[in-house]
1. Taking amide hydrogens as modeled 1.01 Å from N in the peptide plane, which residues meet the under 5 Å criterion relative to V212, leaving out close sequence neighbours?
2. Describe numerically, in nm with one decimal, the distance between label points set 7 Å from Cα along Cα→Cβ at K64 and at E178.
3. Tell me which aspartates and glutamates have Cα within less than 19 Å of K7's Cα, excluding those fewer than 8 residues away on the same chain?
4. What nm distance separates the two modelled labels at N32 and I16, each placed 7 Å from Cα along Cα→Cβ?
5. What is the order of H38, H135, fewest Cβ neighbours within 10 Å to most?
6. L49: net charge of surrounding residues, Cβ under 9 Å, Lys/Arg +1, Asp/Glu -1, itself excluded?
7. Which whole-Hz couplings ³J(HN,Hα) result when phi for each residue of segment 25-34 is put into the Karplus expression 6.51 cos²θ - 1.76 cosθ + 1.60, θ = phi - 60°, listed in order with x for Gly and Pro?
8. Quick check: from the Cα gyration tensor, does segment 7-68 come out rounded (a/c under 1.5), prolate or oblate?
Amino acid sequence: MLKTAPKYALIKDDLIEGVASRRFHDRLPSENELARRHGVSRMTARKALNELVRDGVARRIPGKGTFLKKRNFTQAYFRIHPFSENARFFNVSTRSRLIRAGIVDLPPELDAQLPGKEAVFLRRIHYLDEQPACHELRYLRADLCATILDEDLAVESVHDLLAMQLGLPVSRVWQRLEATGLDAAMAAELDSPTGAPVFCMHQRLYSDNRPVSYVIYHMRSDLYAFEDTFSPPPEGVDSRLGMLKTAVADQP
């Protein structure tokens with residue numbers, strides 16, 4: 001004779017299905033709501049919720065209830081992926097909002113990053129599941145990329161435009177990851193408190209060994225995580241030497 005699953009497990013399965021179908025967006029039903037809906041005791045309902053907390057899916061806030069944990073959208077640190085590609089991989093909706101685009105004087109602090117006195121400037125906000133997740137400041141060489149301003153930059157991928165419209169496929173990327181806090185203006189745009197911790201990613205993109213773009217991303221640390229997989233150096237090789245050589249080679 002087959003054993004039926006315990007009632008708390010059935011409630012847990014229903015909650016998981018509700019999360020997957022987006023029936024539950026943030027706050028999960030209370031113990032009382034689950035008890036009434038499934039005809040069980042509060043203790044049984046509590047056990048189902050505790051299972052989700054134990055699994056890292058939800059968290060309890062005393063006096064308020066049980067809430068879904070925010071998902072982290074993970075990106076490999078040493079590999080570059082278009083924003084929309086990452087979103088498709090994690091099966092989340094995405095859109096971008098163009099705040100400003102035009103030709104500007106290249107800021108003095110970026111003189112060493114791109115040639116020329118002027119640059120194409122883009123400022124965009126990228127959204128994941130309608131949450132403002134990433135602030136982008138991008139400078140592109142005006143002598144090579146000015147026609148990019150004719151495109152719909154709220155929709156098009158800059159990487160795709162570089163490759164397919166301008167004949168400048170990205171062949172090499174230098175990047176640096178930092179931790180910083182949001183200033184008041186950027187915090188408002190990312191719907192976060194002033195001073196909230198964010199990942200700050202600097203990238204310089206090359207095409208055929210020519211620098212074509214310098215971009216600064218500020219990414220919400222509650223929505224992003226970074227990971228990579230690598231092999232340890234061969235026995236007898238000091239890994240610090242490799243790190244030092246890489247750091248020297250990647251200097252602007």
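1. L205, Y206, S207
2. Placing both labels 7 Å along Cα→Cβ, they lie 3.2 nm apart.
3. Correct list for K7: E17, E31, E33, E51, D55.
4. 2.9
5. H38, H135
6. Residues close to L49 contribute a combined charge of +2.
7. Those phi angles translate into 9, 9, 8, 7, x, 6, 4, 4, 4, 5 Hz.
8. rounded
None of the figures in this text is laboratory data; all of them are computed from the coordinates on show. Just so it is clear, the structure is predicted and the values come from calculations on it, not from any experiment. Glycine gets a Cβ as well: all are built from the backbone with ideal geometry, and neighbour counts include every protein chain shown.
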